[in-house]
Every structure is written in C-alpha cells, then in structure tokens.
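Below is one structure, written out as structure tokens, with a few remarks after it.
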Amino acid sequence: MKENSSRYFAPEEIIGWRTVALGVGGIASVILLIAALIGGAAVREQALRSWLLGFIVWGGIGIGSLGILLLQYITGGSWGLIVRRILEASSRTWWVIALLFVPIAAGVGSLYEWTHPAPNDEILKIRYPYLNVPFWLIRAVLYFALWGVMAYLLNKWSQRVDETSDWSYLERASRFSGPTMVFFVLLVTFASVDWTMSLDPHWFSTMWGLLYVVGWGLSAFAFSIAILAWLAARAPMNEIVGKRHFHDLGKLVLALVMVWTYFNFSQFLIIWSGNLPEETVWYLRRSEGGWGAIAYILLGLHFAFPYLVLLSRDIKRNPKWLTMVALFIILMRFVDVYYTIGPAPRISTHGAELTFMQSISWMDFVAPLAVGGIWLWAFFGELRKRPLIPVNDPFLENAIEHGKGH
C-alpha cells in the first residue's frame with residue numbers, strides 16, 4: 001500500500017457518530033421488542049410491519065449501493081471513483097442486513113396473509129408451490145448469500161489494488177460486473193416480490209422489481225451524497241472532492257428520480273388500461289382518504305420538487321444544498337415504502353381494510369430508528385476500515401482534477 005494512504009482514513013469524529021447510532025438503534029429495538037412481547041397478535045403484526053418498513057429502506061441503501069458499485073465498474077467515471085469507498089462500505093453491511101431480516105423471517109407467519117390461506121382461496125392454491133414458508137426462507141438465504149459473494153469479490157479486488165498496485169484486479173472487477181448486474185437485478189426483483197408484493201398475495205405487477213432496483217439505487221445515491229458532503233468538509237477529503245463531483249452525482253440522482261416516476265406511471269397506466277378487478281384493487285385502496293393524499297404527496301415531493309430543484313446547476317454543485325435534497329429524498333423513500341406496506345391486508349383483521357388513521361402506529365417511527373441505528377453503526381464501522389479513496393487506482397488523479405474543473 002502506498003505510504004501516504006494512512007492519511008486518507010475517515011476522521012475520528014465518525015466513532016462518536018457510530019456510538020450514537022448504536023445507542024439509538026439499541027434503545028428503539030428494545031422498546032419495539034417489549035411492545036411486541038407484551039402485546040397481542042395485532043401488536044406483534046404491527047411491530048413486524050413497521051420493522052419491514054425500516055428494513056426495506058435501510059437495507060435497500062446497502063443492497064442498492066452494491067448495485068451502484070457494479071454500475072460504476074461497468075461505466076467508469078470520476079463520480080464513481082470518488083464515492084467508491086462509501087459504496088463499498090455500504091455493500092459490506094450485507095451481513096448486518098441479513099441479521100436485520102431475522103425478525104421478519106421468524107415472524108413470517110404473523111406478517112404475510114398467504115401463510116394463512118382460506119380453504120376456498122383458489123389463487124393461493126395455485127401459488128402455493130412458490131408462496132410457502134420453507135421455499136420463501138430458502139430464497140431469502142439464497143438472496144443474501146449471492147449478494148454477499150458479489151460484495152466480497154468486489155471489495156477484495158479493490159483492496160488488492162490498494163495493497164499491490166496491480167491494476168489487473170480492476171479489469172477483473174469490470175468483467176465480473178457486466179453479467180453480474182443481470183443477476184443483481186433478478187435478485188432484487190425476486191426479493192421485492194417476496195418481501196413486499198406478497199403482502200397482498202392476490203395482487204401482482206410486472207413492474208415491481210424495476211421499481212425496487214431504481215428505488216434502492218436512488219436511496220444509495222442520496223445516502224452517498226450525504227456522507228460525501230460530510231467528509232468533504234473535513235480533512236482529508238476536503239483536498240479531494242470538488243464541486244463537479246457533486247454536480248455529477250446530482251445529475252445521476254435527477255435521472256433516477258425521473259426513472260422512478262416513469263416506472264410508477266407505467267405501472268399505473270398498464271393497470272388502469274387493463275382495468276382488471278384483481279389488479280385495480282391495489283390502486284383503489286390507495287386512492288381513498290389519507291392514502292390518496294399520500295399519493296399526491298409522492299407525486300409532488302418525490303418527483304416534482306426534487307426534479308425542479310435538481311435542474312439548477314448551482315444547487316447540484318453546492319454540497320450543503322445537495323445534501324438537503326438527498327436527505328429529503330431518503331425521507332420520501334420512507335413515505336413511498338409506507339404507501340406500499342401500510343394499506344396491505346392484515347392477518348389480525350382477517351383481510352378487513354383499515355382506515356388511514358387506523359393504519360398509522362407509533363411503531364412506524366420507532367422501527368426505522370431501530371433498523372437505521374443498527375445499520376448505520378455497521379456502516380460507520382466499515383467506512384473506518386479502509387482509505388476513503390482508492391489510493392492506487394490509475395484514474396485517481398484524473399478524477400481529482402475533474403472535480404476541480406468549472
């Protein structure tokens with residue numbers, strides 16, 4: 001490893017942030033666990049649904065970072081080299097994400113309606129070969145195992161470049177990332193169907209997987225921007241990161257915001273034009289009362305607001321303003337996932353619909369803090385393990401110069 005690589009490690013402040021994250025995550029987890037243990041079946045189901053909300057968003061950042069890392073090796077570019085170590089640290093949290101999935105796996109029978117099919121439910125009889133608990137658990141293990149292999153190899157080759165200056169490892173990572181991206185998209189598709197779409201086992205959408213590929217990628221980019229901006233205000237990254245780096249990342253976030261909107265509109269248009277009762281029920285449930293208001297909030301604040309703001313070149317080149325937009329997008333990702341999970345049928349109500357106000361629970365705020373605190377604790381720990389930039393990458397100097405341009 002180069003002699004000067006030691007000066008590129010994360011600042012010591014991150015230790016304090018890691019401690020705070022673990023404290024918040026631990027306390028919130030204990031509160032949620034106590035409520036689930038002393039409450040009835042309905043409370044346990046709500047705790048699991050709230051945990052799923054936090055898991056999908058925070059776990060999506062880690063898994064989405066792996067996808068962006070694959071994309072960076074395929075396309076190249078200064079933007080990816082500057083945030084590579086942030087993406088790598090996020091991807092290495094896959095094992096923590098797997099552990100955070102354990103409550104969902106353990107409570108699958110209290111969370112998913114398809115685990116209690118009615119005797120006369122012909123649809124679930126047809127889907128039983130796929131939607132059954134043993135096969136569902138096997139698939140989950142397979143998802144995490146394959147994501148773990150992808151993260152391990154990409155991180156290993158990147159570290160070998162730091163240690164040996166052998167650039168052939170970068171070529172190996174690029175060759176690996178092309179075909180692996182196809183498998184990554186398939187894994188995200190199957191996982192999103194298993195974990196969220198199957199909450200309503202009678203409904204289906206061919207766009208579902210793509211929505212999660214883009215949504216998790218958007219979350220990963222937004223999170224990486226927030227971390228990069230924090231690091232860029234401190235040594236040593238204040239000597240590395242320039243305005244054009246943020247400009248490039250801002251443009252990518254803008255593109256993903258538009259793609260997310262396009263996929264959502266495509267899903268709605270396909271279902272609306274088909275006008276089949278088994279498909280339209282999903283949107284009908286989410287167009288009434290408070291759910292309808294959230295739909296408009298997502299349209300205005302998940303798409304229109306960031307779209308219009310990110311059209312500004314000055315905002316994209318300003319780390320402070322871009323970070324605020326990025327954090328706002330992460331907040332909207334929570335709203336988007338809640339819009340998916342909240343109205344889904346519940347076992348405790350025997351499929352009966354709840355009003356918007358009946359669906360809201362204090363656990364929906366505590367569980368994301370629990371999952372997020374634990375995940376951030378793991379992320380900060382991983383970020384401290386390696387230099388913040390790939391010090392021996394042959395394109396590093398050009399990437400730094402690119403950031404200083406006008």
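The values are calculated or read from the model by the stated rules, or taken from the named source; none is laboratory data. Everything numeric here is computed off the predicted structure, so don't read it as measured data. Neighbour counts are summed over all protein chains in view; Cβ atoms, including those assigned to glycine, are modelled from backbone coordinates with ideal geometry.
Mind checking which residues of segment 79-106 are surrounded by fewer than 20 Cβ atoms within 10 Å (Cβ to Cβ) and modelled with pLDDT under 95?
Matches in segment 79-106: none.
Restricting the first residue to segment 261-280 and requiring it to be over 19 Å from Arg333 (Cβ atoms), which pairs with a second residue that is of a type in the set (S, T, N, Q) and in a helix (DSSP H, G or I) meet a Cβ separation below 7 Å and a spacing of at least six or different chains?
Every condition considered, the pairs that remain are Ile271/Thr280.
Out of all the residues in segment 351-366, is one or more buried (at least 19 other Cβ atoms within 10 Å of the Cβ) and farther than 22 Å from Tyr339 by Cα?
No, every residue in segment 351-366 fails to be buried (at least 19 other Cβ atoms within 10 Å of the Cβ) and farther than 22 Å from Tyr339 by Cα.
Does at least one position in segment 203-218 carry a residue that is part of a helix (DSSP H, G or I), surrounded by fewer than 18 Cβ atoms within 10 Å (Cβ to Cβ), touching a helix residue (DSSP H, G or I) at 6+ places or on another chain (Cβ under 9 Å) and aliphatic (A, V, I, L, M)?
no
Yes or no, residue by residue, for (1) assigned to a loop (DSSP other than H, G, I, E, B); (2) without any contact (Cβ under 8 Å) to a residue 12 or more places away in the chain; (3) farther than 30 Å from Ala293 by Cβ; (4) not β-branched (Val, Ile, Thr):
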{"site": "Arg333", "(1), (2), (3), (4)": "no, no, no, yes"}
{"site": "Tyr339", "(1), (2), (3), (4)": "no, no, no, yes"}
{"site": "Ala344", "(1), (2), (3), (4)": "yes, no, no, yes"}
{"site": "Met357", "(1), (2), (3), (4)": "no, no, no, yes"}
{"site": "Asp393", "(1), (2), (3), (4)": "yes, no, yes, yes"}
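Is there a residue in segment 51-61 that is without any contact (Cβ under 8 Å) to a residue 60 or more places away in the chain and among the small types (Gly, Ala, Ser)?
No: segment 51-61 contains no residue that is without any contact (Cβ under 8 Å) to a residue 60 or more places away in the chain and among the small types (Gly, Ala, Ser).
Test of understanding: among Val102, Val149, which residue is assigned to a helix (DSSP H, G or I), over 24 Å from Leu48 (Cα atoms) and of a type in the set (A, V, I, L, M)?
Of Val102, Val149, the one residue that is assigned to a helix (DSSP H, G or I), over 24 Å from Leu48 (Cα atoms) and of a type in the set (A, V, I, L, M) is Val149.
Would you confirm whether any residue within segment 226-244 is within 22 Å of the chain's Cα centre (by Cα), assigned to a loop (DSSP other than H, G, I, E, B) and among the charged types (D, E, K, R)?
Scanning segment 226-244 turns up no residue that is within 22 Å of the chain's Cα centre (by Cα), assigned to a loop (DSSP other than H, G, I, E, B) and among the charged types (D, E, K, R).
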